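Trainee: First the structure, then my questions, so here it is.
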Amino acid sequence: MAEITLLDGGLGQELVHRSGDRPTPLWSTQVMIDHPGLVADVHRDFYAAGATVIATNTYALHHDRLEKAGLTTPLSDLITCALSEAKAARDAHPGKRILGSIGPLIASYRADLHPPIADATPLYTELAQALAPHVDIIGFETVPSLEAGRAAIAATQNIDTPVWLAFTLDDQDGTRLRSGEPLAEAVAVAQTGAAAILANCSAPEVMADAMDVFATGSLPFGGYANGFTKIADGFLTDAPTVDALTKRQDLGPEDYAVFTSKWAAQGATIIGGCCEISPDHIRAVHDALIADGHTVI
């Protein structure tokens, strides 16, 4: 049996549920300003559920998103705040790790909007360099295209912290990215500089096909799916909020753990959850992995 790194679940959605605030395009960022300490509470709960790695609340911290939302707090201050919340949680769970999360530029899932490499690379570099001294892993999440993956690799050439690339998949075809490009080509991109490759924020039903593709490469791999019914058309418009997305009612903790056990059987060694995957889900995944004979590290 394998040693499995267990990630946390959907930080942003959990913050929405706990804060009671109406979501905005920068809901998870605004929460740090309006509800200090809430992010650390969520981090602690994921650690307590068995996660060995939590992701910082920095997914949406991009200049373009902050400016569009009219948020004037300096980027550096928001990064410092997010790191402080993550470290406060980790202090209560010595030995566990922190992943510095970097989401896609402009918008999630929109490969058509992602800037070209020449424009994207310095923006990703700024974030990676700010996070790297304070985290154990740099994680580029919801990477929608090969171009975006190449920009992430280019941005981290001079960073010693391990880099993980997590690509988001076509919800009907786990062998393709949301851009429509073959996932096999993403494996080749990741192998030019990443320490691991993952699939994230996609339907759990398509993840098994992605694990088979990843297994053809040489990198450690894994996945963390979302709990949405689908990525609704309304979420793909300008300045979307999660109000446009619907939580599945057929993906309870034990249901999700069935999926993750299959990925582990396929060779995945990094497993977790994305949007709408709660601490209860992660606890069920942890227990299922242990029951299957794996070791959670």
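The values are calculated or read from the model by the stated rules, or taken from the named source; none is laboratory data. This one's a predicted model, so the numbers in the text were calculated from it and none came from an experiment. With ideal geometry, Cβ positions are generated from the backbone for all residues, glycine too; neighbour counts draw on all protein chains shown. These area figures cover heavy atoms from the full protein model, side chains too; ligands, DNA and RNA do not enter into them. Shrake-Rupley method; radii C 1.70, N 1.55, O 1.52, S 1.80 Å.
Trainee: Can you go through Ile102, Ile106 and tell me which one is open to solvent by 20 Å² or more (accessible area, probe 1.4 Å), within 26 Å of Ile153 (Cα to Cα), among the β-branched types (Val, Ile, Thr) and touching a residue at least 24 places away in the same chain (Cβ under 8 Å)?
Mentor: Just a single option satisfies the conditions, and that option is Ile106.
Trainee: Do any residues in the range 25-48 that are more than 29 Å from Ile106 (Cβ to Cβ) have Cβ atoms under 7 Å from those of residues that are modelled with pLDDT of 95 or more and β-branched (Val, Ile, Thr), where the two are at least six apart or on different chains, and which pairs are they?
Mentor: Tyr47/Ile54
Trainee: I would also like to ask the following. Among all residue pairs at least 6 apart or on different chains, which show Cβ distances below 9 Å where the first residue, located in the range 204-219, is charged (D, E, K, R) and the second is assigned to a helix (DSSP H, G or I) and open to solvent by less than 10 Å² (accessible area, probe 1.4 Å)?
Mentor: Cβ pairs passing all conditions: Asp209/Leu183.
Trainee: Would you tally the residues in the range 273-283 being farther than 18 Å from Ala203 by Cα and either crowded, with 16+ Cβ neighbours inside 10 Å or out of contact with any helix residue (DSSP H, G or I) (no Cβ under 6 Å at 6 or more places or on another chain) (or both)?
Mentor: 2
Trainee: Scan the range 251-272 residue by residue and report those that are assigned to a helix (DSSP H, G or I) and open to solvent by 20 Å² or more (accessible area, probe 1.4 Å).
Mentor: Across the range 251-272, the qualifying residues are Pro253, Glu254, Asp255, Val258, Phe259, Ser261, Lys262, Ala265.
Trainee: Working only within the range 26-67, note down all residues that are assigned to a helix (DSSP H, G or I), of a type in the set (A, V, I, L, M), at pLDDT below 95 and open to solvent by less than 40 Å² (accessible area, probe 1.4 Å).
Mentor: Val31, Met32, Leu66
Trainee: Could you list, in sequence order, all residues of the range 162-186 that are hydrophobic (A, V, I, L, M, F, W, C) and within 27 Å of Ile98 (Cα to Cα)?
Mentor: Of everything in the range 162-186, those that are hydrophobic (A, V, I, L, M, F, W, C) and within 27 Å of Ile98 (Cα to Cα) turn out to be Val163, Trp164, Leu165, Ala166, Phe167, Leu169, Leu177, Leu183, Ala186.
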